[in-house]
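Input: a single structure, listed below in structure tokens.
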């Protein structure tokens, strides 16, 4: 966020942009060799080559006659959310809602998309313009009549990471027409690693496990020492298991019995809530009549709203 | 345990789709010098088919007068690898261009000490036949 002070409206450094010219063929809207290379690198095949240029042009970029990519960005953002949520929801049927939301941010958040874009070479291809006083003056219709002259204006500065993340969303949006979004998302975004255990941050796993067992009407969990090594030495190892009757719910190691017990309770919660389903068919993969006939919907578990 | 406000995903190139690591190859040559003769022959015969086979690489040809011919590859992690191809014929230049194309930006030396790069490294080290003592009766 930058606090921009009121600037003098009499300072007219108005530059004629290409929008004021009357030619349709703008030389600035040529597809650079970097863009061709990017399309080949990511296996993007679009019907019209200028679509990709449009996707990669940020809304702050003036010097273009192409239409805005905002529509594609919103479409891409929602499509990304759909495919990732579908995947996570089916893969982890019992994941609690806040964990699911964190995992979702991990895959589709701006930071992750920006990281992906940087690794793929998008920073050499995006067209954007940082927000400066002159830029704002040029686009003064945004706030000219709304803000009184004495108050400073809060405007969110546009950074390259933001631009890259938004252009990834736009690229997903333009692929949607050719029905290539699912493949792109599964190849490049869902193949990335998000440790699902990191979404669940527990201060007191023991309390949570006791509550879970009560809810499931099962025996109260008991921690038992399964094994130990070097108890009186400088590097002891204790292995603790959590049991509900005869079933082991979780296991943990530690250099103290307390730590081993903590890890065991945490492991028990991971084993239950973050259980992974290995074999599943995504509903969005069902795209032919035969597949539809053979499709067996995966059972989705009862996700808890809170943990 | 990652206690950050939000999680960031880590890349796993090849697990889903494969992203080619070499993004740009720049060829420098001299019009007059003798060491660039092979390079100029390479441009005439082999460069364009190579460029067609590799649409994901941006190829730049720039004259660099009074200098030896150079092939410079730039990778997605912004590292560069240069190979001087002075006095070589097109076949040998092709081999070096192929080498630059196949490489990633990482230093080759570090891959000998750490041949496997993984987010889940093995706890006791990867098995090697040189550190075993087979059981003998």
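Read-outs throughout are calculated quantities, based only on the coordinates presented, and are distinct from any laboratory measurement. This structure is a prediction, so every number in the text was calculated from the model and none was measured. In this analysis, Cβ positions are derived from the backbone assuming ideal geometry, glycine residues included, and neighbour counts consider all displayed protein chains.
By the gyration tensor of its Cα atoms, with a ≥ b ≥ c the square roots of the eigenvalues, what is the shape of the range B:38-102: rounded for a/c under 1.5, prolate for a/b over b/c, or oblate? Oblate shape, in that a/c is at least 1.5 and b/c is the bigger or equal ratio.
Can you bin the range A:178-246 into rounded, prolate or oblate? Criterion: square roots of the alpha carbon gyration tensor eigenvalues sorted a ≥ b ≥ c, rounded for a/c under 1.5, prolate for a/b above b/c, oblate for the rest. Oblate, because a/c is 1.5 or more while a/b does not exceed b/c.
To the nearest ten degrees, helix A:205-215 and the longest principal axis of the Cα atoms of chain A are 80 degrees apart.
In percent, rounded to a whole number, the relative contact order of the range B:1-103 is 35, using alpha-carbon pairs under 8 Å and six or more apart. Angle of helix B:90-102 to the longest C-alpha principal axis of chain B, folded into 0 to 90 degrees and rounded to 10: 30°.
What shape does the range A:31-198 have by the C-alpha gyration tensor, where a ≥ b ≥ c are the square roots of the eigenvalues, rounded means a/c under 1.5, and otherwise prolate means a/b greater than b/c and oblate the rest? Cα axes put the range A:31-198 in the oblate bin. A Förster distance of 51 Å, applied to the separation of the beta-carbon atoms of residue B:79 and residue A:294, puts the FRET efficiency at 0.60.
As a length-normalised measure over Cα pairs under 8 Å and 6 or more apart, the relative contact order of the range A:201-273 settles at 26 percent.
Residues considered: A:49, A:98, A:236. Largest GNM mean-square fluctuation over chain A, using C-alpha springs under 10 Å, is found at A:236. Shown is the FRET efficiency for residue B:44 and residue A:63, computed with R0 = 45 Å from the Cβ-Cβ distance and rounded to the nearest 0.05: 0.75. From its DSSP helices (H runs of at least four residues, each -39,500 (n - 2.57)), the protein assembly as shown gives a residue-normalised ellipticity at 222 nm of -10000 deg cm²/dmol.
Given their separation in residues at 0.36 nm each and the Cα-Cα distance between them, residue A:229 and residue A:129 gain 29.8 nm when the chain is fully extended. At the listed q of 0.15, 0.18, 0.19 Å⁻¹, the Debye profile of chain B, built from one uniform point per Cα, gives log10 I(q)/I(0) equal to -0.84, -1.03, -1.11. Counting only alpha carbon atoms, the long axis of helix A:110-120 and the longest principal axis of chain A meet at about 70°.
With the simple model of a label 7 Å out from the Cα in the direction of the Cβ, residue B:119 to residue A:110 spans 2.3 nm. Under 19 Å from a label point set 7 Å out along the Cα-to-Cβ vector of residue A:214, the amide N atoms of the range A:236-264 belong to A:243-245. Taking every alpha-carbon pair under 8 Å whose residues sit at least 6 apart, chain A reaches a relative contact order of 23 percent.
In terms of the mean number of neighbouring beta-carbon atoms within 10 Å, the peptides A:165-172, A:282-289, B:24-31 order highest first as A:165-172, B:24-31, A:282-289. Temperature 10 °C, viscosity 1.306 mPa s: under these conditions the Stokes-Einstein estimate for chain A, based on its Kirkwood radius over C-alpha pairs, is 67 µm² per second.
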